[in-house]
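To start, the structure itself, in structure tokens.
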Amino acid sequence: MEPVLEIRNLNVDYGLGDKAVRAVRDVSLTLHKGEVLGLAGESGSGKSTLAYGMTRLLAPPGVITGGEVIYHPPSGQAYDVLGLSDRALREFRWAETAIVFQGAMNSLNPVHKISTQLTDVLRAHEPKMSEHTRTARAREMLKLVGISPDRMDAYPHQLSGGMRQRVMIGMALILQPQVVIMDEPTTALDVVMQRQILGQLIELRERLGFSVIFITHDLSLLVEFSNRIAIMYGGRIVEQAPAATIYRDALHPYSKGLLSSFPALRGARRELAGIPGSPPDLAGMPAGCSFHPRCPRAFEPCSSAIPVLGRPDVPDGAGRSVACWLHPAEQTVG
Ligand SMILES: Nc1ncnc2c1ncn2[C@@H]1O[C@H](COP(=O)(O)OP(=O)(O)OP(=O)(O)O)[C@@H](O)[C@H]1O
Ligand SMILES: [Mg+2]
């Protein structure tokens with residue numbers, strides 16, 4: 001599969017000098033054309049920091065301290081997003097990549113009609129487009145995300161939470177970006193609504209052909225809707241595999257813990273085991289594997305040496321990677 005976005009050895013810190021804490025540690029991750037990549041991990045594991053870092057939307061004191069983010073446009077040469085000028089970056093953010101933020105549905109402007117907010121995006125990025133075409137495009141976009149075009153002239157407060165969320169997704173898609181990043185866009189909504197909206201997004205992806213990075217706590221959603229899942233812990237990717245493989249046979253004890261934190265999709269209800277203990281403090285990361293103090297399977301090397309993320313020593317090891325001493329990497333993968 002062709003890559004669309006390649007994150008290589010990305011490091012993100014909060015703060016400078018000896019006060020700095022590293023929230024994203026040496027992350028390498030590839031998003032392929034047309035795929036849905038799920039990113040999961042407990043609160044504070046660095047998911048949003050990674051999303052903001054790779055699109056250079058980090059607010060101070062966040063700083064990118066290393067790495068590359070290689071973007072492959074539909075035509076032309078691949079380039080490093082981290083090296084773009086501010087102007088090129090603005091264009092990249094909307095036209096090539098769009099983010100729907102955590103809590104985005106509350107970020108619609110309350111004093112403007114949703115039609116105006118949609119056409120404003122087009123006005124800013126496609127100044128040559130006629131007013132008529134803009135309105136038609138906005139109408140079509142609303143229809144795509146499941147909102148009747150006769151709600152075009154509604155103000156945000158006249159819409160339900162789910163509808164506002166759909167409008168945000170419409171705004172993200174209206175310039176037909178190649179990559180859509182969703183950072184828990186649906187947490188504030190009920191579970192049925194979450195599923196519905198996510199299902200609709202996947203359908204749109206099949207029609208419009210963009211790729212998705214979807215960030216959530218809800219691993220059951222990812223198992224259902226994503227092609228591949230990457231699991232983050234303490235700022236690192238600790239496991240990555242096709243969604244079905246993770247569900248069936250996660251290798252990292254942390255991934256297993258996350259999986260047992262939600263009820264089985266089908267069959268008998270399981271006890272929600274969860275993971276005892278709490279996520280590591282960035283200012284005092286444990287030596288070795290940062291999960292070892294909470295790990296039920298920790299043994300001698302875990303407290304002293306950091307396991308590298310690589311292809312595990314299992315029969316179906318191709319296409320998956322894990323950073324765990326139980327499955328030492330045969331070969332590192334990007
Ligand atoms: N502005 C900031 N200043 C200092 N530290 C920060 C800042 N923002 C985030 N952090 C720290 O960086 C780490 C990663 O935070 P991040 O928001 O990326 O986690 P997350 O995985 O998105 O969590 P959640 O699931 O709760 O959204 C956390 O330990 C957090 O405390
Ligand atoms: Mg977050």
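The values are calculated or read from the model by the stated rules, or taken from the named source; none is laboratory data. Everything quoted here is computed from the prediction, not taken from an experiment. Heads up, the Cβs are rebuilt from the backbone with ideal geometry, glycines too, and the neighbour counts pull from every protein chain shown. SASA here: full protein model, heavy atoms, side chains in, ligands and nucleic acids out. Shrake-Rupley method; radii C 1.70, N 1.55, O 1.52, S 1.80 Å.
Look at (1) open to solvent by less than 50 Å² (accessible area, probe 1.4 Å); (2) modelled with pLDDT under 90 and you find that residue 333 fails only one, number (1).
Looking only at residues of the range 40-82 that are among the acidic types (Asp, Glu) and modelled with pLDDT of 95 or more, we find that the one that is nearest to ligand 2 (Cβ to nearest atom) is 68. Consider the range 217-232 and keep the residues that are touching a strand residue (DSSP E or B) at 6+ places or on another chain (Cβ under 9 Å) and open to solvent by 10 Å² or more (accessible area, probe 1.4 Å). The one that is farthest from ligand 2 (Cβ to nearest atom) is 227.
Set side by side, the residues 239, 206 differ, and just one is over 14 Å from residue 34 (Cβ atoms) and more than 15 Å from ligand 2 (Cβ to nearest atom), which is 239. Pairing residues of the range 35-48 that are under 22 Å from residue 178 (Cα atoms) and open to solvent by 10 Å² or more (accessible area, probe 1.4 Å) with residues that are near ligand 1 (Cβ under 9 Å from one of its atoms) and of a type in the set (Val, Ile, Thr), at Cβ distances under 8 Å and at least 6 apart in sequence or on separate chains, gives 47/215; 48/215. Within the range 134-164, the set of residues being outside any helix (DSSP H, G or I) and surrounded by fewer than 19 Cβ atoms within 10 Å (Cβ to Cβ) comprises 146, 148, 152, 153, 154, 155, 159, 160. Taken over the range 1-25, residues that are charged (D, E, K, R), touching a residue at least 24 places away in the same chain (Cβ under 8 Å) and surrounded by fewer than 18 Cβ atoms within 10 Å (Cβ to Cβ) amount to 2. Screening 80, 13, 26 for residues that are among the acidic types (Asp, Glu), touching a strand residue (DSSP E or B) at 6+ places or on another chain (Cβ under 7 Å) and under 30 Å from residue 247 (Cβ atoms) leaves exactly one candidate, 26. Against the list (1) within 16 Å of ligand 1 (Cβ to nearest atom); (2) open to solvent by less than 50 Å² (accessible area, probe 1.4 Å); (3) modelled with pLDDT under 90, the condition residue 294 fails is (3).
Residues checked against (1) outside any strand (DSSP E or B); (2) under 17 Å from residue 179 (Cα atoms); (3) within 16 Å of the chain's Cα centre (by Cα):
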residue	(1), (2), (3)
195	yes, no, no
202	yes, yes, yes
212	no, yes, yes
217	yes, no, yes
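Residues in the range 73-92: is at least one within 16 Å of ligand 1 (Cβ to nearest atom), free of Cβ contacts under 8 Å to residues at least 40 places away in the same chain, acidic (Asp, Glu) and open to solvent by 20 Å² or more (accessible area, probe 1.4 Å)? No, every residue in the range 73-92 fails to be within 16 Å of ligand 1 (Cβ to nearest atom), free of Cβ contacts under 8 Å to residues at least 40 places away in the same chain, acidic (Asp, Glu) and open to solvent by 20 Å² or more (accessible area, probe 1.4 Å).
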